[in-house]
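To start, the structure under review is shown below, and the notes come after it.
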């Protein structure tokens, strides 16, 4: 048993990530603003310098929500035949809001999973 496991009960990575909480204690906030990761947890002091979700959340958001948003736009077009300006008025705000919310949730989940599995950058074994 590691020191972290002795002092802090294991947290569910999905739950803490979706709520934007510290992956170790589940209490402190993970984000400073919308998507910027804080330097450390205000509750337990965990250094978040390990947290590098990279482009993973953005790729998932683009692939999954791109499919949903284009499907919605096609459904809207073939069902109601609205003018182009109405497409922009309806689809663009929906796409922006859902994308930003999903990006925050996925970034939090990936950072929590990184912590839980002690993920690090790949290293070449030259031994």
task: Please enumerate the residues belonging to region 38-76 that are at pLDDT 90 or above, in contact with a strand residue (DSSP E or B) (Cβ under 9 Å, 6 or more places away or on another chain) and closer than 16 Å to residue 109 by Cβ.
output: 48
field: Lone unmet requirement of (1) over 16 Å from the mean Cα position of the chain (by Cα); (2) loosely packed, with under 15 Cβ neighbours inside 10 Å; (3) assigned to a helix (DSSP H, G or I) for residue 64
entry: (1)
- prompt: Is it fair to say residue 108 is assigned to a helix (DSSP H, G or I) and either at negative phi or surrounded by 10 or more Cβ atoms within 10 Å (Cβ to Cβ) (or both)?
  reply: yes
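The values are calculated or read from the model by the stated rules, or taken from the named source; none is laboratory data. Predicted, not measured: the structure shown is a model, and the values here were computed from it. Note that each Cβ is placed from the backbone with ideal geometry, even for glycine, and that neighbours are counted across all protein chains shown.
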